[in-house]
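The block underneath contains the structure these notes are about, expressed in structure tokens.
The values are calculated or read from the model by the stated rules, or taken from the named source; none is laboratory data. Predicted model, so just to flag it, every value in this text is computed and none were measured. Glycine gets a Cβ as well: all are built from the backbone with ideal geometry, and neighbour counts include every protein chain shown. These area figures cover heavy atoms from the full protein model, side chains too; ligands, DNA and RNA do not enter into them. Shrake-Rupley method; radii C 1.70, N 1.55, O 1.52, S 1.80 Å.
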Amino acid sequence: MDYMAILGSYLALILALLLILLLNSYYIKFIYVYLKKKKTFKKATNLYKYIVLIPARNESKVIRGILSSLKNQTYDSSKFDVYVITESEDDPTNKIALSYGYKYFVRTNLENRRRKGYAIQEAYEYLKENNIEYDSLVIFDADNILSENYLELLNDVRDEGYEIGVGLRESTNSNTNFISASASLLFTFQSTFVNKGRSILFDKVMISGTGYFINKKIIEDAGGWIWVGLTEDVDLTRYSYIHGIKMGYNQEAIYYDEQPVDLKTLHKQHVRWVWGFMNRSYFDLALNTKPLYRKTNKLGRWEFFFSINLFQFSELIEVAHIVTLLGFIIHLAVTQNFIYIPIYFGFIILDILLMLLICDIANFIELIISGSHFKVNKKLKFLSVLLGFVFWTDWLLAWIDGFLHPKKRKVWATIEHQGKKQKTNK
């Protein structure tokens with residue numbers, strides 16, 4: 001048995017994981033911000049005009065929730081209009097929008113463009129062509145629910161000069177099972193820890209899904225709504241980092257969305273997100289791309305790059321090490337040195353257990369930091385940590401799935417929302 005070879009492989013693995021920890025060490029500063037600082041916004045003196053866009057193809061099951069919560073907003077109703085975006089005049093979602101006194105917009109340019117980004121792009125062009133006046137767009141999904149003061153609190157962010165702003169993301173169905181709980185835990189952590197840290201340290205946030213406003217001038221400067229990839233939210237975040245766009249996070253503004261409750265749906269999401277993240281080079285963002293018209297925070301750009309990629313890198317490194325051990329086993333089999341093969345299989349099991357342990361530790365840390373914002377029962381809190389490896393391992397499986405099936409990298413897989421809501425706190 002070649003002890004030096006196996007020792008060398010583990011030293012390489014340990015050094016790679018230590019490097020990842022070193023590159024993530026800036027989170028020490030985030031912890032300080034999380035514990036010691038809070039960003040507050042003054043009551044706005046200006047009431048800006050908003051257009052709320054809701055891509056809602058075949059979403060009649062859930063659309064009433066977001067429309068009801070928009071009706072109940074404390075913000076002046078004359079200062080925002082709502083457009084539900086569909087793909088057919090026959091979609092019952094249209095009539096529901098009208099019943100609430102809101103408008104609908106039916107898309108016509110659909111070939112190879114069935115994505116949220118394209119829906120927003122087409123609606124934006126409609127607003128432009130019809131000279132409809134507004135200051136900012138607000139983007140929601142059909143399954144979102146808003147706190148009653150959500151638009152009012154976003155307007156406070158806008159009035160302090162922020163060009164993009166978002167609130168705290170929670171979930172409507174996190175209490176369903178460990179899958180919805182694990183997904184909810186990730187997004188709650190992202191809001192309460194990552195977005196809080198980024199907004200205070202860099203004037204940046206991670207746009208995740210919806211729930212945000214964007215100043216119309218940003219879109220005009222970009223030459224229109226150009227963020228149309230599989231992950232248009234990440235595309236917009238990337239663009240904002242490159243161009244030094246001031247982004248704000250208001251933790252008092254809370255919006256809710258629905259999480260997957262089965263592994264099949266979760267996997268669909270992960271394939272889209274993983275390959276959407278990789279659609280353009282983050283090395284270009286972190287290293288090569290120069291801002292076109294504004295000063296940017298270089299540390300913030302590096303943090304954005306590493307935060308998205310490093311966890312995936314750690315999983316890939318672990319997989320590479322497992323493949324290396326399998327190579328040793330094949331070598332032993334070829335040389336008919338069978339006595340040591342069970343030992344190498346033992347090392348592979350050790351690697352897998354280590355990878356699963358890292359996943360569970362990640363969820364435990366997220367659980368502690370998310371605190372009271374993670375609204376699930378004790379049983380699901382326990383399961384979201386114990387079975388955290390299922391949630392995180394699927395990110396790796398999604399990468400492999402997309403690699404083996406290139407068509408999945410380009411298709412926006414439809415995910416049906418159920419509209420089953422748990423009680424939310426306003």
Notebook entry, point to check: Considering the Cα trace of region 117-213, what is its radius of gyration and what is Dmax, both in angstroms?
Noted result: 15.3, 47
Note to self: Taking just the alpha carbons, could you work out the radius of gyration and Dmax for the chain, both in angstroms?
What the structure shows: 23.0, 80
Note to self: Kirkwood Rh over alpha-carbon pairs of region 189-247, then Stokes-Einstein at 37 °C and 0.692 mPa s: what D in µm² s⁻¹, rounded to an integer?
What the structure shows: 274
Next item on the list: Please report the base-10 log of the normalised intensity I(q)/I(0) for region 156-237, using a Debye sum with one equal scatterer per alpha carbon and no solvent, at each q in 0.11, 0.19, 0.22, 0.25 (1/Å).
Entry: -0.35, -0.92, -1.11, -1.26
Next item on the list: Can you give me the span-like helices of the chain, meaning DSSP H runs with 18 Å or more of Cα extent along the axis and Kyte-Doolittle mean at or above -0.5?
Entry: 3-23, 263-277, 298-334, 341-370, 388-404
Margin query: Over the chain, with the other protein chains present, what is the accessible area per residue in square angstrom, probe 1.4 angstrom?
Written below: 46
Note to self: From the helices alone, meaning DSSP H stretches of at least four residues, give me the mean residue ellipticity at 222 nm for the chain, per-run term -39500 (n - 2.57), in deg cm²/dmol to the nearest 500.
What the structure shows: -16500 deg cm²/dmol
Item checked: Ranked by how many other beta carbons lie within 10 Å on average, peptides 166-175, 362-371, 267-276 from highest -> 166-175, 267-276, 362-371
Check: When DSSP beta bridges are limited to those with both residues in the chain, what percentage is antiparallel, rounded to the nearest 5?
Finding: 30
Item checked: Debye intensity ratio I(q)/I(0), log10, region 30-140, q values 0.17, 0.22 Å⁻¹ (C-alpha model) -> -0.85, -1.21
Next item on the list: With a point put 7 Å past each Cα toward its Cβ, work out how far Leu11 is from Tyr134 in nm, to one decimal.
Entry: 6.1
Note to self: Using a 1.4 Å probe on the protein heavy atoms, what percent of the accessible area of the chain belongs to carbon and sulfur?
What the structure shows: 60
Notebook entry, point to check: Tell me, what is the FRET efficiency for Lys79 and Ala222 to the nearest 0.05, using R0 = 25 angstrom and their Cβ-Cβ distance as r?
Noted result: 0.55
Checklist line | When each of Lys246/Lys408; Lys216/Lys264; Lys204/Lys268 is checked by Cα-Cα distance, pairs over 32 Å | finding: Lys246/Lys408; Lys216/Lys264
Next item on the list: Note the count of lysine pairs whose C-alpha atoms are less than 25 angstrom apart in region 24-74, limited to pairs 8 or more residues apart or on different chains.
Entry: 8
Item checked: Size of electric dipole in the chain: Cβ of Lys, Arg +1 and of Asp, Glu -1, about Cα centre, debye, nearest 20 -> 780
Check: Which residue, chosen from Phe328, Met206, Pro92, occupies the Cα position most advanced towards the positive end of the dipole of the chain, where the dipole is computed from +1 (Lys, Arg) and -1 (Asp, Glu) charges on Cβ about the Cα centre?
Finding: Met206
Checklist line | Directionally averaged shadow of region 99-159, computed from the convex hull of its alpha-carbon atoms, nm² | finding: 5.7
Next item on the list: Would you mind calculating the gained length between Leu353 and Ile341 on full extension (0.36 nm times residue separation, minus the Cα-Cα distance), in nm to one decimal?
Entry: 2.5 nm
